[in-house]
Amino acid sequence: MAGVGKNNLKIEYLEISSSDLAGITGGRLSGEPDLTVTDLLTDSRQLSITEGMAFFAIKGNNHDGHSFIESLYDKGIRIFVVENLPLSLKRFKGAAFIETVNSVEALQKVAISRRESFRNPVVAVTGSAGKTVVKEWLADVAGLAMPVIRSPRSYNSQIGVPLSVWKLDDRFRLGIFEAGISKPGEMEKLQKIINPDIGVITNIGEAHGENFKSPGEKAAEKLYLFKNASTIIYCRDQKEIHKLIEGDASSGSKDIYDWSFSDNKARVYVERSEKVRGRTLLQIHYQGSVMQYEIPFSDRASVENAVSVLTVCLALGIENQLIVKGLAELNPVAMRMELKSGINNCQLIEDYYNSDPGSLGMALEYLKSQNNKKSALILSDFLQSGRDEKELYSGVAELVKRTGVDRFVGIGHFLMRHSKLFGTGAEFYYTTDEFINRFNPSSFRNEVILLKGARVYEFEKIARLLEQQVHTTVLEINLDAISHNLNEIRKCINPGTRIMAMVKAFAYGAGPAEIASLLEFHRVSYLTVAYADEGVELRKAGVTLPVMVMNHDPSSADQLISYNLEPEIFSFSSLKNFTDCASRHGLVNYPVHIKIDTGMHRLGFLPGDIDELISLLPSYDSIRIVSVLSHLAAADDPSLDHFTHRQVDTFVKASEKIGKATAYPFLRHILNTSGIIRFPQYQFDMVRPGIGIYGVGHYQGISLRPAGRFKTRISQVKTIPAGEPVGYNCMDVADHERQIAILPVGYADGLDRKLGNRNGSVFIRSALASLTGNICMDMCMVDITGIGAVEGDEAEIFGENLPIEEMAGKINTIPYEILTSIPSRVKRIFFRE
């Protein structure tokens, strides 16, 4: 069997057959026996290649891998390890199915087989914090001396570890893997898979502490990983670990490499560590020699991790000059307290993959070690700490105070519950989304901001808001401009007239949840969306205002009721469908809106339908009409004012008929933004401003401000000789030398192709730069000859300097189409002035 047998020097470690796979897993093979297995897959979303891929169908809490078998087969996968065979194997011609009792255990058996075939040393890293950093840094430093294979990032689980160990083969002289556990019994399985020669334990903290009786029990569970290891490396200052290792009878047969900052009895003794301009100089005593090392970090966590790496390198016998070089060139590990440039001259430290309260002190030390800027901590609730809640957050509050953090932001129900512990000035939010909805970029300036939280809080969303935007295409939304525009429109509205604000079509491209929250703050009466899904998004974002849904289909009636959304009833079929659903729910007087077609001839009851509608209404006690509405077709066109007046007359007659039949009051509304300005006499009870809220259009008597600014940054600048073309199909050729800038924005970002070939422009360094050649899917080229622009310069596509109306005019369309064509992949950034 390929892949097994240490004495077979010609083994091809990365290839086994489907029958070999069945033998290793103890499974029953159905189908092709000689298919070649070169890689393993457990997540259908990570599929990049199909040839030689074996898919393990794993049953989880939320997903069952068996449900993806057909789609994976259609994509080319031919080897499947399953717990349940498909009902018909005939559909899967040329495939191999290996039926096992448990797919995860089968995966682990494959990894164990691969590990048994590997002849070179394997290092395993475990601990409560720092595992990934130590593993990554150790691979970087040891990699200077030998070929190294490491587990990807945080592949330290019951599934991640076997996927990592599978990659072993004797081309590598060292394997480095990390192992993480959350409850007793898990390490025994990981030990069999990794079976390390060298074991490294970083520390014992409080993560997953609720699943263990004591820190000692958790430490013992982690140390089980090193059951067969010949060498153990640990920090002697970690008392719990030191006690267990000293008391372990098997330790006498192992080579112990302990290190310490305080105990000169340790094999590796750090006599002195000096911090100089963000770097740390270490003086190490080892085997009678004194050695000097420098690392490019000054916080305690990084120093401890670096010393662990140093000790492993000494145990491996790596040349000292390579250790010196490797430690001096260490880089931050992504997602682990990485320092990034932020908005408004801020710096950002990301540590949102670790919710262990024991690591907070280290993270705060790193925060305070950066520079003399003010410090800010954005912290989530700690999960799975196993500690008394009040005691935990009292300690956190004291630590924050003792560290001297200038600004504290807490996110989570526990922190909110204990907010009084943190004193005045601290901010608290129940959820990450609540923080994002209220986010004001201008409030963060000249600060070092630490993001510290559990994975479930998705702090990467906050990081994206705080990170400096370089070479990025974004749509900036000025919330102050929207507030201004709403107030300008209110000047034209009679006292007591309500406002139903339009937030359909992603709030005209601006982002519905954020805009809706602002409009709710400004006390509009209603919001309107086009489809039920848009309304659901608003409810999930915490918006409580009444929401009218203009175009609900029969399948969305239950969804409307579940999320307290109010349907626009526009036909007899929509009436019956919704009332039937409301009756099934046992509802009475559920609010609905009746749409009248007065001449626009889109959705709505025609005037001739009103008598029949009135005759049916008494039989539907499940609903109650809260408003009757229509829509003007040409309110912005003076030449069609006669048509507008006719529409209003039709609306008045229809609504009065409905009013007499119901004998109860309801709201009436027909005016859009243009109608509000030009026909104030038709305001009735409510008006429906739309595009005007976003500052698009010119209206007599009010001054609107553009709320959106579509911008990007120059990715590259190059000189193009005379006679050379630019772009697809060589459409743009000039008889002179040109400076061309490439921008990371294309028609997939909403930049219309018709703007290419010098029809449109962007605004760069106070000048217009023509769009040159055909616009591509993800980028475009502009002529910056004579402008003097450089890489990284900002380019405005539309905004204050380049009105969207001008862009719309160049391609014979309207601003609505441009705004709603900007897809969600373009990041929206909301700000106040």
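So how tilted is helix 389-403 from the main axis of the chain? Cα-based, degrees 0 to 90, rounded to 10.
90
Ignoring ligands and nucleic acids, what accessible area does Met416 show with a 1.4 Å probe (Å², nearest 10)?
50
Can you give the accessible area of Glu398, probe radius 1.4 Å, in Å² rounded to 10?
Glu398 has an accessible surface of roughly 90 Å² with all protein chains in place.
When the chain is fully extended, how far beyond the present Cα-Cα distance does Ser157 get from Ser182, taking 0.36 nm per residue of separation? Write down the numbers at each step before the final one.
Values: separation 25, 0.36 × 25 = 9.00 nm, distance 0.93 nm.
Full extension of this stretch gives 8.1 nm more.
Testing the spin-label approximation: label points 7 Å from Cα along Cα→Cβ at Leu322 and Glu805. State their distance in nm.
Result: 6.9 nm between the two label points.
Would you mind calculating the gained length between Asp609 and Arg753 on full extension (0.36 nm times residue separation, minus the Cα-Cα distance), in nm to one decimal?
Working it through step by step, the gained length comes to 47.4 nm.
Near Ile670, within a Cβ-to-Cβ distance under 15 Å, what is the net charge of the other residues, with Lys and Arg +1 and Asp and Glu -1?
Local net charge: +1.
Distance cut-off 21 Å, Cα to Cα: go down the list Lys491/Lys657; Lys189/Lys227; Lys373/Lys452; Lys718/Lys810; Lys595/Lys653; Lys239/Lys401 and report the pairs above it.
Correct reply: Lys491/Lys657; Lys718/Lys810; Lys239/Lys401.
Under 5 Å between amide hydrogens, which residues at least 5 positions from Phe798 or on another chain qualify, with H placed 1.01 Å from N in the peptide plane?
Those qualifying (amide H under 5 Å, at least 5 residues apart or on another chain) are Phe710.
Using R₀ = 35 Å, calculate the FRET efficiency as 1/(1 + (r/R₀)^6) where r is the Cβ-Cβ separation of Ile256 and Thr38; round to 0.05.
0.30
To the nearest 0.05, what FRET efficiency results for Leu87 and Gln559 with a Förster distance of 51 Å applied to their C-beta separation?
In this case the efficiency is close to 0.95.
From the Cα gyration tensor of the stretch 491-644, with a ≥ b ≥ c the square roots of its eigenvalues, which class applies: rounded if a/c is under 1.5, or else prolate if a/b is larger than b/c, or else oblate?
Numbers: a/c = 1.78, a/b = 1.06, b/c = 1.68.
Cα axes put the stretch 491-644 in the oblate bin.
Can you pull out the GluC sites (Glu not before Pro) in the stretch 777-811 whose DSSP state is coil and whose Cβ has at most 15 other Cβ atoms within 10 Å?
Taking the stretch 777-811 and a limit of 15 other Cβ atoms within 10 Å, the loop GluC sites (Glu not before Pro) found are Glu791, Glu800.
On a 0 to 90° scale, report how tilted helix 479-490 is relative to the longest principal axis of the chain, with both axes built from alpha carbons and the result rounded to the nearest 10.
Between helix and principal axis, roughly 10 degrees.
Normalised by the number of residues in the stretch 34-152, what is the relative contact order in percent for Cα pairs under 8 Å and 6+ residues apart?
16 percent.
Around Ser17, which amide H atoms from residues at least 5 apart in sequence, or from another chain, sit under 5 Å from its own amide H, with H modelled in the peptide plane?
Placed amide hydrogens put Ala2, Val37 under 5 Å from Ser17.
Sequence-distant or interchain residues sharing an amide H contact under 5 Å with Asp597, placed H: which?
Those lying under 5 Å, H to H, from Asp597 are Phe605, Leu606.
PRE reach from Leu768 (point 7 Å along Cα→Cβ): which of the stretch 783-825 fall under 17 Å by backbone N?
What the label zone holds, given the 17 Å backbone N cut-off, is 783-787, 795-813.
How much length, in nm to one decimal, is gained on full extension between Ile814 and Val290, taken as 0.36 nm per residue of separation minus their Cα-Cα distance?
Taking 0.36 nm per residue and subtracting the Cα distance, the gain is 181.2 nm.
Looking at the stretch 773-833, which trypsin sites (Lys or Arg not before Pro) are DSSP coil and have at most 15 other C-beta atoms within 10 Å of their C-beta?
Passing sites in the stretch 773-833 are Arg825, Arg832.
Could you tell me the relative contact order of the chain? Use alpha-carbon pairs under 8 Å, at least six residues apart, and round to a whole percent.
On the way: 1754 pairs, mean separation 62.0, N = 833.
Value for the chain: 7 percent.
Given R₀ = 25 Å, FRET efficiency for Thr424-Lys461 by Cβ-Cβ distance, to 0.05?
Once the sixth-power term is evaluated, E becomes 0.35.
Tell me which aspartates and glutamates have Cα within less than 20 Å of Lys183's Cα, excluding those fewer than 8 residues away on the same chain?
In chain and number order, the partners are Glu105, Glu206, Glu210, Glu217, Glu221, Glu240, Asp356, Asp388.
Taking θ as phi - 60°, what are the ³J(HN,Hα) couplings along the stretch 793-800 by the Karplus curve (6.51, -1.76, 1.60), each to the nearest whole Hz, with x for Gly and Pro?
With coefficients 6.51, -1.76 and 1.60, one gets 5, 7, 10, 8, 8, 8, x, 5 Hz.
Per the 1.4 Å probe, what fraction of the accessible area of the chain, in percent, lies on carbon and sulfur atoms? Please list the in-between numbers first.
On the way: 17500 of 36310 Å².
Whole-percent figure for carbon plus sulfur exposure: 48.
Show His698, His484 ordered by accessible area, largest first, where the area counts protein heavy atoms only and the probe is 1.4 Å.
Greatest to least solvent exposure: His698, His484.
Could you compute how much accessible surface Leu85 exposes when probed at 1.4 Å, giving the result in Å² to the nearest 10?
50
Which one is right for this structure if log10 I(q)/I(0) by the Debye sum over Cα atoms at q = 0.05, 0.11 Å⁻¹ is calculated from it: [x] -0.40, -1.31; [y] -0.39, -1.61; [z] -0.32, -1.35?
Computed from the coordinates, log10 I(q)/I(0) by the Debye sum over Cα atoms at q = 0.05, 0.11 Å⁻¹ corresponds to [x].
Is it possible to state the helix-based mean residue ellipticity at 222 nm for the chain, with each DSSP H run of 4+ residues giving -39500 (n - 2.57), the sum divided by total residues, to the nearest 500 deg cm²/dmol? What is it?
-8500 deg cm²/dmol
What is the list of residues in the stretch 172-189 whose amide nitrogen lies under 13 Å from a point 7 angstrom out from the Cα of Asp248, following Cα to Cβ?
188, by backbone N distance to the label point.
Return one number: the angle in degrees, 0 to 90 and rounded to the nearest 10, between the long axis of the Cα atoms of helix 103-116 and the longest principal axis of the Cα atoms of the chain.
Taking Cα atoms only, the helix is inclined about 40 degrees.
How much of the DSSP bridge set in the chain is antiparallel, in percent, rounded to the nearest 5?
40
Among rounded, prolate and oblate, which fits the stretch 633-689 when a ≥ b ≥ c are the square roots of the eigenvalues of its C-alpha gyration tensor, a/c under 1.5 means rounded, and a/b larger than b/c means prolate?
Cα axes put the stretch 633-689 in the oblate bin.
Please sort by residue number the trypsin sites (Lys or Arg not before Pro) in the stretch 55-93 whose DSSP state is loop and whose Cβ has at most 12 other Cβ atoms within 10 Å.
Within the stretch 55-93, the qualifying trypsin sites (Lys or Arg not before Pro) (loop, at most 12 other Cβ atoms within 10 Å) are Lys93.
The values are calculated or read from the model by the stated rules, or taken from the named source; none is laboratory data. All of these numbers come straight from a predicted model, not from anything done at the bench. Positions of Cβ are backbone-derived with ideal geometry, glycine not excepted, and every protein chain shown enters the neighbour counts. Just the protein is used for accessible areas: all its heavy atoms, side chains included, with ligands, DNA and RNA removed. Shrake-Rupley method; radii C 1.70, N 1.55, O 1.52, S 1.80 Å.
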